[in-house]
Structure formats: structure tokens, C-alpha cells
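To start, the structure under review is shown below, and the notes come after it.
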């Protein structure tokens, strides 16, 4: 099937709401290198319309802080400090760097979401692999972009961290450098990371 028909048809918005969009890869790909967004720009994760089944506040495993992220998406982005950054309004240097990468690729708000590998429990932020994968079952991403060995070791505790593509069950995880390693201006590592993500992006 020519997926361009799905992407361009007037009913595509309805298909997206039904969760059908992610049976097909969107046909968008940027060709330029990422640029940092201006300091103080709004990097809060964008919202997009979702089917009500994907935003079930009655689910005991959800967190009110994460409700806007709980939606069908082509990709999920995660790293160890993600939950703390979300608590800070997602306007940290790490958040701005990720926004710059996503903007450089021309990804729309429904092409990615975030989900932490940790959760808040008894006023402590603790690793929670099961919490992460239970969300993946409902978000249903094509790819999970995992930044850094610390997050990777939570998701794949029996594996040795190396950059590249890993498969666990039906999920494809892209192991990438840590966000902190990319800053403040590690051009070599940023370009390496950008090329790696772009090779799995919306082609």
C-alpha cells in the first residue's frame, strides 16, 4: 500500500485518533543538522489529540504529571533524569537540547512523546522498568530512543550498554549517548547522535 495515501487523505486525522496512524511510517524527513533553541524558549512537550483509551486517568499506574504524554506515538524518548525535568516544567538544558534535535528533523508533536524510566514512589524517584513497559504497551511506539547507560540499564538490565539498536520483545530500543555527554557543546557526539536518530526517523 502507498502510505502517502494514508498521510494525505482527509480522513487521516480520524485514523490518527483511532491509533491507526502508527501502522504506517510518516513520510517526513529533514536534511539539516540540529540547532540549539533559544534559551528560555518553551520546550514543554506538545499535546496532540488522542483516543480517550490512551489517556485513562483511572489507570492506577499513571501519574498526573505524565497524562499529556500518554498517547499513541511513533517514538518514545527517555533518559534517567526525565522525570525530574518534567517536574521542572521541562525547560532544562536537557529538554531544550532534545527539542532542538526534534525541531531540526521537522517532527510534528504526534510523532514523539516522552516516558520516564523512573517514577515517584513514597517521595522518592526510583527506577521502574515495569512502569515503563506497561506504558509502551499502550503508547505502542515504533522506536524507543534511550539516552545514556543509566536509563539503558534499567530497560535492559542483563545487557552491556553499547550504542545501537536493541530489540526486547516487540520493542526496538535505540541506545544513544547520555544527554549530559552532549552538553555543553560536544559537536562530535551531537552529530553522531543526530545521524543515528535520523537513520531511524520518519523516512
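So that you can scan it fast, the table gives a plain yes or no per residue for (1) touching a helix residue (DSSP H, G or I) at 6+ places or on another chain (Cβ under 6 Å); (2) closer than 14 Å to residue 197 by Cα:
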position	(1), (2)
91	no, no
98	no, yes
124	no, no
130	no, no
142	no, yes
147	yes, yes
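Comparison of 125, 162, 193 shows that the only residue that is in contact with a strand residue (DSSP E or B) (Cβ under 8 Å, 6 or more places away or on another chain), touching a residue at least 40 places away in the same chain (Cβ under 8 Å) and not in a strand (DSSP E or B) is 193. Taken as a whole, the condition of being surrounded by fewer than 19 Cβ atoms within 10 Å (Cβ to Cβ), touching a strand residue (DSSP E or B) at 6+ places or on another chain (Cβ under 9 Å) and modelled with pLDDT of 90 or more does not apply to residue 114. Taken together, the residues in the range 128-159 that are outside any helix (DSSP H, G or I), touching a strand residue (DSSP E or B) at 6+ places or on another chain (Cβ under 7 Å) and closer than 22 Å to residue 102 by Cα amount to 8.
Of the numbered criteria (1) at pLDDT below 95; (2) assigned to a helix (DSSP H, G or I), the one residue 107 fails is (2).
Sort out which residues of the range 165-190 are within 24 Å of residue 135 (Cα to Cα) and in a helix (DSSP H, G or I), and write them in order of number. Selection gives 179 alone. The numbered conditions (1) modelled with pLDDT of 90 or more; (2) in a helix (DSSP H, G or I) are all true for residue 78 except (2).
The values are calculated or read from the model by the stated rules, or taken from the named source; none is laboratory data. Because the structure is a prediction, the values reported are computed rather than measured. Here Cβ is always computed from backbone atoms with ideal geometry, including for glycine, and neighbour counts include all displayed protein chains.
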